[in-house]
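Asks: Below are the structure tokens for one structure; questions will follow.
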Amino acid sequence: MFGTYTLGRFFGVVENQANPWWLYFPVVFLGAFPWTSFWPAAAGFHWARRSTDGSLIVMLWCVITFVFYSLAGTKLPNYILPIYPFAAIGVAAPWLDALEEGHIGRALGASLLLLVALVAALFIGVAGYLGGTYPAQYHAGAHVLVLPAAALLAGVGIVLLFAARGKVLAAFVALCLTIAVLWLGIVQGLLPLVEAQKPMKPLALAIRSQLAPGDRIVGYRMNVHASLPFYTAHEVEWVETAEALRAAVCAPGRVFLVGFDGDLSPLRAGLPSGVRALLSRDDATVLIKPASARCG
């Protein structure tokens, strides 16, 4: 267990969970947003105090954690979670100094301006990506984005107003409330909409409702190595080539085959004649090969 799921995940790729080396850059940026705008100021703050308090521990923890998981062969977004408690401490320290001194210094002031730029970039990026990649879903669910967008824009404006007037505590509280309302809107409105667009859950539940002892599930060229086993509560065999697919499907017993229409359609002629469709969702399909079907 230790060798496979600890050393194996670092030195190799487990369960096809390979990702590019830069995966954790967007993960930590979005995961800590909007506090990420204060990271440059926090880095300068702790570097100046690296020999006098716990700043060195904060910096080493964040840097080593980020580098360690970036070098690992197996990468998942949740692996980087240990970085956030120390990153939060790192951002809290300069804010604490500002609260004690009663004014926002140059570094925190620049961070607030950076926050405005990041908010603008986030809105432009999200709108451009969703509108271009999923235009129908984006226009149908755009109303769900109104609350978090309005909370973010209004909150940042209030924070800037308090900061300009030298009201440090009010600015800090307004920023915290903005984040709370932002995430409330995302969790209550946006995430359910996103989940409804994912095809794998209904497909997996359809498979699960018909699973019997001895049945097998085969996934063909699909990057859903977590959701399909999770929702089916069953082991999944992953194959990437037409030859491996035919061998897996032609093996004795009933098989549930999951793949995308574009990948499966050219191969249907080479599958047993008894293969039938169970369910399709968007461009993903579940096929069933009965136990009695044989390959020619």
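The values are calculated or read from the model by the stated rules, or taken from the named source; none is laboratory data. In this text the structure is predicted, and so the values were computed from the model without any measurement. When we count neighbours, we look across all protein chains shown, and the Cβ atoms used for this are built from the backbone with ideal geometry, even at glycine.
Asks: Mind counting the residues in region 242-296 that are in contact with a Phe, Trp or Tyr (Cβ under 9 Å, 6 or more places away or on another chain), assigned to a strand (DSSP E or B) and either on the phi > 0 side of the Ramachandran plot or not charged (D, E, K, R) (or both)?
Replies: 10
Asks: Kindly provide the set of residues from region 269-287 that are closer than 17 Å to Ala212 by Cα and touching a residue at least 40 places away in the same chain (Cβ under 8 Å), ordered by number.
Replies: Leu278, Val286
Asks: Of all the residues that make up region 8-28, how many are in a helix (DSSP H, G or I), modelled with pLDDT of 85 or more and surrounded by 15 or more Cβ atoms within 10 Å (Cβ to Cβ)?
Replies: Restricting attention to region 8-28, the residues satisfying the condition of being in a helix (DSSP H, G or I) are 8-11, 24-28.
Next cut, modelled with pLDDT of 85 or more only: 24-28.
Next, from what is left, pick out any that are surrounded by 15 or more Cβ atoms within 10 Å (Cβ to Cβ): 24, 27-28.
Total satisfying the criteria: 3.
Asks: Restricted to region 225-236, and to residues that are surrounded by 15 or more Cβ atoms within 10 Å (Cβ to Cβ) and outside any loop (DSSP other than H, G, I, E, B), which residue is modelled with the lowest pLDDT?
Replies: Residue satisfying both the conditions and the ranking: Ser227.
Asks: Of all residues in region 124-170, how many are surrounded by 13 or more Cβ atoms within 10 Å (Cβ to Cβ), under 30 Å from Ala98 (Cα atoms) and either assigned by TED's automatic domain parsing to the domain that holds Asp282 or among the hydrophobic types (A, V, I, L, M, F, W, C) (or both)?
Replies: Count: 15.
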